[in-house]
Amino acid sequence: MRTYTIRLDDHFFELLENLSRKTGNPKSLIVKRALLLYKRELEKQEMLKNLIDSARELAEDPENLKDLKELEGTVADGLG
């Protein structure tokens, strides 16, 4: 395991202290969890951006709508 030192202004120092005291968790665990939550949030934002970009690409090409209608027909065939 490695050690990393950071500087916190008073507000974040007190916040970390209070969270540690309130939860009974070590400060290092709180920071690790915060980093994992931040990473997940960035991943969700990236997935949403990719989804929106893909939807825009599909909407811009009328040929895609034709393909979608054909796909919907084949999916419905298997459900009857």
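The values are calculated or read from the model by the stated rules, or taken from the named source; none is laboratory data. The model shown is predicted, which means the values in this text are computed figures rather than measured ones.
Considering only helices (runs of 4 or more DSSP H) fully contained in the chain, which possess at least 3 residues that are modelled with pLDDT under 95? Walk me through how you get there before you give the answer.
On the way: elements: 10-23, 27-60, 62-77.
Result: 27-60, 62-77.
Counting only residues that are of a type in the set (G, A, S) and farther than 20 Å from R2 by Cα, how many does the range 13-28 have?
2
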